[in-house]
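The values are calculated or read from the model by the stated rules, or taken from the named source; none is laboratory data. On a predicted model such as this, the values are computed, not experimentally measured, just so you know. Note that each Cβ is placed from the backbone with ideal geometry, even for glycine, and that neighbours are counted across all protein chains shown.
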Amino acid sequence: MATAHTPSGTAPLCEEEFAALLEGMVADFAPLVFAVVQEYGERIDGRIAAWGLAFDDRAEVVGVDSGLRMSLSTPERALRGFARGEHIRARLVWFNADAATPAET
């Protein structure tokens, strides 16, 4: 039985090599994750109002409590849609996996 070849004439990679190649590609090009947080008063309370993905040329934002979706030129542009008067401010918080609360056992 003949070995399959790619259009370039080379043999395909084995599963492990191909999986590692794809994993590296995803790591190199992954968007940054951020949250739009609504801050109540002077640091009295806060809530996550939306999640976002920051790409090189745009940001995609999805509201937590609604079907709100935004496609914006920068993540910062999302802030104006979540501020409410003088007592509810919006801020960006970039995802940091090291800041996660440890699970209790």
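Some notes on this structure:
- Selection within the stretch 78-105 - farther than 12 Å from Phe34 by Cβ and surrounded by 14 or more Cβ atoms within 10 Å (Cβ to Cβ): Gly81, Phe82, Ala83, Ile88, Arg89
Rundown of residues vs (1) touching a residue at least 24 places away in the same chain (Cβ under 8 Å); (2) among the hydrophobic types (A, V, I, L, M, F, W, C); (3) out of contact with any helix residue (DSSP H, G or I) (no Cβ under 9 Å at 6 or more places or on another chain), yes/no style:
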site	(1), (2), (3)
Leu22	no, yes, yes
Glu42	no, no, yes
Val61	yes, yes, no
Pro102	no, no, yes
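- Screening the candidates Gly63, Gly67, Gly52 for the property of being among the small types (Gly, Ala, Ser) and surrounded by fewer than 16 Cβ atoms within 10 Å (Cβ to Cβ) yields one hit, Gly67.
- Residue pairs whose Cβ atoms lie under 8 Å apart, sitting 6 or more positions apart in sequence or on different chains, and linking a residue in the stretch 24-35 that is farther than 19 Å from Ala49 by Cα and aromatic (Phe, Trp, Tyr) to a partner that is modelled with pLDDT of 95 or more and assigned to a helix (DSSP H, G or I), do not occur here.
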